[in-house]
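The values are calculated or read from the model by the stated rules, or taken from the named source; none is laboratory data. All values reported here derive from a predicted model rather than from experimental measurement. Here Cβ is always computed from backbone atoms with ideal geometry, including for glycine, and neighbour counts include all displayed protein chains.
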């Protein structure tokens, strides 16, 4: 079985390129709106970040 992997750097470079906007584009590029239905159980792999960054998960 072949899989596709979509990656996006979450670091924002400007106000127009917010993390939320980047995640939205990633969602659209992956076609998740056609694959995931309301109440579906899903998993999303995220990087745990680095200590001191706003996306760090302790």
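Taken together, 40, 28, 33 contain a single residue that is modelled with pLDDT of 75 or more and not in a helix (DSSP H, G or I), which is 40.
Give the residue, chosen from 13, 9, that is at pLDDT below 75, touching a helix residue (DSSP H, G or I) at 6+ places or on another chain (Cβ under 9 Å) and part of a loop (DSSP other than H, G, I, E, B).
Working: 13 fails: touching a helix residue (DSSP H, G or I) at 6+ places or on another chain (Cβ under 9 Å).
Result of the check over 13, 9: 9.
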